[in-house]
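The values are calculated or read from the model by the stated rules, or taken from the named source; none is laboratory data. Everything numeric here is computed off the predicted structure, so don't read it as measured data. Cβ: placed from backbone, ideal geometry, glycine included. Neighbour counts: every protein chain shown. Side chains included, ligands, DNA and RNA excluded: accessible areas come from the protein's heavy atoms. Shrake-Rupley method; radii C 1.70, N 1.55, O 1.52, S 1.80 Å.
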Amino acid sequence: MALARLNNLYRQVIMDHAKHPHNNHPLPQADHELELRNPTCGDVLTVQMKMQDGKIAAAGYTGTGCTISQASASMMTDQIIGKTPAEVEKMVLGFSDLVMGKEVPDQAKLLGDAVILQSVAQFPARIKCATLAWKAAYQALEESERND
Amino acid sequence: MGKKMNNWRADFPILAQKVNDEPLVYLDNAATTQKPLAVLQTVRDFYENDNANIHRGVHTLAQRATERYEQVRQKVTDFIHGNDWHEVVFTKGTTEALNWVAASYGATHVKAGDEIVLSYLEHHSNLVPWQQLAKKVGAKLKYIELTADGQLDLQSAADLITDRTAIVALCHASNVMGVVNPIQAVSQLAHAHGAVMVVDGAQAVPHLPVDVQELGADFYAFSGHKMLAPTGVGVLWGKLALLNEMPPLEFGGEMIANVGLYETDFKEVPYKFEGGTQNIAGVIGLGAAIDYLQAIGLEQITKHEQELISYVLPQLQAIDGLEIYGPQDPSLRTGILSFNLTGLHPHDLASALDMDGVAVRAGHHCAQPLMNYLGVSATARASFYLYNTKEDADLLIKAILDAKEFFLNGSC
């Protein structure tokens with residue numbers, strides 16, 4: 001059955017993250033916050049981060065979306081905790097390359113569990129779903145850099 | 001119906017392919033339709049034999065190209081039962097046509113304090129231009145409500161359309177719910193209060209017989225690519241007196257009568273709107289599409305879509321957890337069905353259907369105010385057309401059940 005191919009996109013880990021997302025809650029007293037909209041479906045995602053000693057101490061997200069955007073937000077918020085803004089920006093760029101099917105050096109080290117979303121590259125229509133949360137984190141950090 | 005439909009289907013070479021190893025079931029016709037051989041061959045024939053720029057040059061090819069282009073204007077006039085070919089302005093599509101009405105007619109006729117009445121069903125292209133106009137001139141926007149089953153609420157229309165109303169802009173058929181609006185009744189309300197009736201016909205002209213005069217439209221816009229013609233061509237039909245009052249929006253070649261250093265006289269309607277080299281092959285392709293549709297007959301197409309919807313709707317309604325938006329009575333709709341499966345985002349559903357070869361649209365369908373009105377962020381949308389069959393409907397149902405099994409019954 002052709003649907004068997006869906007398993008390539010919707011791996012068990014991805015389904016688990018979507019069904020039981022991590023960090024899916026508002027973050028009180030967040031230092032960085034940004035709301036992004038997926039223009040094709042209207043889904044809205046808000047990413048928040050709280051800093052301590054120059055690193056991201058906590059990350060959270062709110063909003064609804066498809067399996068891919070929810071799982072990706074869950075994984076992203078897991079992975080950026082403990083990282084500096086510069087490291088996060090590097091991760092976001094690496095993730096963006098990853099889901100577009102490009103080679104990313106040391107991808108497992110850079111992105112941790114989120115490398116499983118590499119499968120999105122085979123489903124080009126869903127790349128925007130996967131990158132939404134990552135873009136929101138990137139822009140949230142960029143915005144505050146500008147404001148500094 | 002089956003055999004006849006197979007004959008039409010054979011006219012569309014693109015349909016005879018596999019997608020993800022499954023036969024293609026193309027159900028995204030509300031976004032754009034496929035093109036029959038007759039249209040493809042006409043466009044090719046034009047480029048192979050008659051291509052030249054129109055309305056200029058005395059040479060033979062230029063004359064042939066001009067003739068072929070202008071013949072389509074009369075064809076469009078007859079197709080939508082206009083009065084005079086001067087009323088037919090070629091545009092690049094519905095969006096451009098509606099933008100022109102708002103930016104030209106609207107900007108010169110709508111004043112501060114005037115009201116523009118729209119509905120919750122509108123596509124962004126029949127909404128954002130009016131928002132922009134309202135901001136520019138200080139007019140007010142009002143939205144006609146829907147009934148509980150998603151039809152236009154005529155009582156709400158009657159309440160909102162008043163002597164303050166300058167424009168009523170309404171879709172003939174909804175691109176999300178497929179519901180067909182009672183344009184004639186709303187036009188009467190608009191005219192009784194001296195308002196101008198603007199109709200977005202993008203989702204109606206391909207699917208049902210349209211008579212712009214009987215509808216009482218003052219402006220009527222539609223796109224070629226949703227009715228078997230190439231992309232990049234559309235029509236703005238308008239009453240001659242109103243088109244005459246509209247200043248052109250694009251200035252340049254072909255739309256002028258006489259150019260001096262400081263002053264320019266424009267050509268008459270419709271040429272004053274068609275500045276620059278037009279989509280000549282697209283217009284000629286539109287003519288071939290109209291010929292194709294008329295050979296089948298719009299009544300026949302409506303009937304075919306009704307039969308398909310009557311066939312598929314009860315099967316969709318029977319799927320547990322599947323919500324269908326809009327009237328549940330097939331006779332109130334075109335071939336468009338929007339739905340959601342509880343617990344599954346429409347993007348996930350559309351990806352799953354694609355794996356079964358079934359092409360549907362998922363998203364807000366450029367109708368975010370309607371999505372908010374329905375209380376959803378997005379829907380999946382299957383839209384049928386003349387070349388779709390009951391077999392396509394069966395494959396859609398099967399694919400939805402497959403997706404449901406995959407995502408919601410934990411088989412992954």
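How much accessible surface does B:Val43 have with a 1.4 Å probe, in Å² rounded to 10?
Accessible area of B:Val43: about 30 Å².
Roughly how big is the range A:2-147's charge dipole about its Cα centre, with Cβ charges of +1 (Lys, Arg) and -1 (Asp, Glu), in debye to the nearest 20? Could you put the intermediate results ahead of the total?
Working: 14 positive and 16 negative charges, 98 e Å.
Roughly 460 debye for the range A:2-147.
Pairs of Cα atoms under 8 Å, at least six residues apart: use those to get the relative contact order of the range B:127-276, whole percent.
It comes to 13 percent, rounded to a whole number.
How much net charge surrounds B:Gln306 when only other residues with a Cβ under 14 Å from its Cβ are counted (Lys, Arg +1; Asp, Glu -1)? Walk me through the intermediate numbers first.
Values: positive: B:Lys303, B:Arg333, B:Lys390; negative: B:Glu299, B:Glu305, B:Glu307, B:Asp329.
Charge balance in the 14 Å sphere: -1.
How big is the antiparallel share of DSSP beta bridges in the range B:91-198, given as a percent to the nearest 5? If you can, show how the numbers build up before the last one.
Details: 2 of 13 bridges.
Percent antiparallel among DSSP bridges in the range B:91-198 is about 15.
How shielded is A:4-10 by partner chains, expressed as the average number of their Cβ atoms within 10 Å of its Cβ atoms?
On the way: counts 3, 6, 12, 4, 1, 4, 6.
The per-residue average across the peptide is 5.
Determine, from the Cβ-Cβ distance of B:Asp153 and B:Ser310 and an R0 of 25 Å, the FRET efficiency 1/(1 + (r/R0)^6), rounded to the nearest 0.05.
Values: r = 25 Å, r/R0 = 1.00.
FRET efficiency, B:Asp153 to B:Ser310: 0.50.
Please compare each pair in B:Lys111/B:Lys135; B:Lys92/B:Lys135; A:Lys135/B:Lys404 to a cut-off of 19 Å on the Cα-Cα distance and tell me which ones are over it.
Values: B:Lys111/B:Lys135 11 Å; B:Lys92/B:Lys135 25 Å; A:Lys135/B:Lys404 30 Å.
Table pairs above 19 Å Cα-Cα are B:Lys92/B:Lys135; A:Lys135/B:Lys404.
Using protein chains only and a probe of 1.4 angstrom, how many square angstrom of B:Arg64 are accessible, to the nearest 10?
100 Å²
For the range B:184-276, run through the chymotrypsin sites (Phe, Trp or Tyr not before Pro) and keep only the ones in DSSP coil with at most 15 other Cβ atoms within 10 Å of their Cβ.
On the way: sites: B:Phe219, B:Tyr220, B:Phe222, B:Trp237, B:Phe251, B:Tyr262, B:Phe266, B:Tyr271, B:Phe273; in loops: B:Phe251, B:Tyr262.
Passing sites in the range B:184-276 are B:Phe251, B:Tyr262.
Reachable aspartates and glutamates from B:Lys239, Cα under 18 Å, same-chain residues fewer than 8 places away excluded?
B:Asp78, B:Asp84, B:Glu87, B:Glu96, B:Asp200, B:Asp211, B:Glu214, B:Asp218, B:Glu268, B:Glu274
Roughly what angle does helix A:85-99 make with the longest principal axis of chain A, taking Cα atoms, 0 to 90 degrees, to the nearest 10?
That works out to roughly 10 degrees.
Testing the spin-label approximation: label points 7 Å from Cα along Cα→Cβ at A:Ala125 and B:Asp329. State their distance in nm.
For A:Ala125 paired with B:Asp329, the spin-label model returns 3.3 nm.
In a shell of Cβ-Cβ distance under 14 Å around B:Leu401, excluding B:Leu401 itself, what net charge do Lys and Arg (+1) and Asp and Glu (-1) give?
Details: positive: B:Lys398, B:Lys404; negative: B:Asp320, B:Asp356, B:Asp394, B:Asp402, B:Glu405.
Net local charge, B:Leu401 excluded: -3.
Counting each DSSP H run of 4 or more residues in chain B as -39500 (n - 2.57), what helix-only mean residue ellipticity at 222 nm follows after dividing by all residues, to the nearest 500 deg cm²/dmol?
Calculated at 222 nm, the ellipticity per residue is -11500 deg cm²/dmol.
So, R0 is 60 Å and r is the distance between the beta-carbons of B:Ala241 and B:Asp394; what FRET efficiency does that work out to, to 0.05?
On the way: r = 51 Å, r/R0 = 0.85.
The calculated FRET efficiency here is 0.75.
Positive end of the dipole of the protein assembly as shown, charges at C-beta (+1 Lys, Arg; -1 Asp, Glu), about the Cα centre: which of B:Gly357, B:Ile400, B:Thr165 has its Cα farthest in that direction?
Positive-end residue among those listed: B:Gly357.
Of B:Tyr143, B:Tyr47, A:Tyr10, which has the most accessible area with a 1.4 Å probe, and how do the rest follow in descending order? Don't skip to the end; give the middle numbers.
Working: B:Tyr143 60, B:Tyr47 135, A:Tyr10 0 Å².
Greatest to least solvent exposure: B:Tyr47, B:Tyr143, A:Tyr10.
Using a/c under 1.5 as the rounded threshold, could you call the range A:101-147 rounded, prolate or oblate? The axes a ≥ b ≥ c are square roots of the C-alpha gyration tensor eigenvalues, and prolate needs a/b larger than b/c, oblate otherwise. Show your work: numbers first, answer last.
Numbers: a/c = 2.76, a/b = 1.53, b/c = 1.80.
Oblate.
Would you work out if chain B is rounded, prolate or oblate? Take a ≥ b ≥ c from the square roots of the eigenvalues of the alpha-carbon gyration tensor; rounded if a/c is under 1.5, else prolate when a/b is larger than b/c, oblate otherwise. Walk me through the intermediate numbers first.
Values: a/c = 2.12, a/b = 1.29, b/c = 1.65.
Cα axes put chain B in the oblate bin.
Which one of B:Phe12, B:Gly113, B:Phe251 is farthest out on the positive end of the charge dipole of chain B, using unit charges on Cβ (Lys, Arg +1; Asp, Glu -1) and the Cα centre as origin?
Result: B:Phe251.
Of all beta bridges DSSP finds with both residues in chain B, what is the antiparallel percent, to the nearest 5? Please report the intermediate quantities before stating the final value.
Numbers: 29 of 48 bridges.
Approximately 60 percent, going by the DSSP bridge assignments.
Kyte-Doolittle cut-off -1.0, length cut-off 24 Å along the helix's own axis using Cα: show which whole DSSP H helices in chain B pass. Don't jump to the answer; show the numbers that get you there.
Numbers: long enough: B:60-79 (28 Å, -1.16); B:280-296 (25 Å, 1.62); B:298-317 (28 Å, -0.38); B:390-408 (26 Å, 0.32).
Within chain B the helices that satisfy the rule are B:280-296, B:298-317, B:390-408.
Compute the label zone of B:Asp78 within the range B:279-302: residues whose backbone N is under 14 Å from the point 7 Å along Cα-to-Cβ.
Taking a point 7 Å out along Cα→Cβ of B:Asp78, the residues of the range B:279-302 whose backbone N falls under 14 Å are B:287-297.
If you stretched the chain out fully between B:Gln132 and B:Ala192, how much longer would it get, using 0.36 nm times the residue separation minus the C-alpha to C-alpha distance? Don't jump to the answer; show the numbers that get you there.
Numbers: separation 60, 0.36 × 60 = 21.60 nm, distance 2.59 nm.
Answer, rounded to one decimal: 19.0 nm.
Residues of the range B:100-129 with the amide nitrogen closer than 15 Å to a label point 7 Å from the Cα of B:Lys140, along Cα-to-Cβ, please.
So the set is B:111-118.
Suppose each label sits 7 Å from its Cα in the direction of the beta carbon; what would the A:Val44-B:Glu48 distance come out to in nanometres?
The two pseudo-label positions are separated by 5.5 nm.
What is the helix-to-structure angle for A:67-80, meaning the angle in degrees between its Cα long axis and the longest Cα principal axis of chain A, kept from 0 to 90 and rounded to the nearest 10?
40 degrees
Along the charge dipole of the range B:58-128, pointing to its positive end and built from +1/-1 on Cβ of Lys, Arg, Asp and Glu, which listed residue (B:Ser104, B:His123, B:Thr60) has its Cα farthest out?
About the Cα centre, the residue reaching furthest to the positive side is B:Thr60.
Rounded to the nearest 5, what % of DSSP beta bridges with both residues in the protein assembly as shown are antiparallel? Walk me through the numbers before you get to the answer.
On the way: 43 of 62 bridges.
Bridges in the protein assembly as shown that DSSP calls antiparallel: roughly 70 percent.
To the nearest 20 debye, what is the magnitude of the charge dipole of the protein assembly as shown about its Cα centre, counting +1 on the Cβ of each Lys and Arg and -1 on the Cβ of each Asp and Glu? All intermediate terms of the calculation are to be shown ahead of the outcome.
Details: 43 positive and 64 negative charges, 102 e Å.
I would put it at about 500 debye.
So what's the net charge close to B:Ala30: Lys and Arg +1, Asp and Glu -1, counting the other residues with Cβ under 11 Å from its Cβ?
Details: positive: B:Lys226, B:Arg361, B:Arg381; negative: B:Asp28.
Taking every other residue near B:Ala30 into account, the sum is +2.
Can you tell me the FRET efficiency between B:Arg56 and B:Thr231 if r is taken as the Cβ-Cβ distance and R0 is 22 Å, rounded to the nearest 0.05? Can you show the working numbers first?
Values: r = 25 Å, r/R0 = 1.14.
My answer for the efficiency is 0.30.
Once both labels are modelled 7 Å past Cα along the beta-carbon direction, what's the A:Asn8-B:Leu37 spacing in nm?
For A:Asn8 paired with B:Leu37, the spin-label model returns 3.4 nm.
Would you calculate, for chain A, the mean residue ellipticity at 222 nm contributed by helices, counting each DSSP H stretch of 4 or more residues as -39,500 (n - 2.57) and dividing by all residues, to the nearest 500?
Numbers: 6 runs with 67 residues, N = 148.
After summing the helix terms and dividing by the residues of chain A, the value is -14000 deg cm²/dmol.
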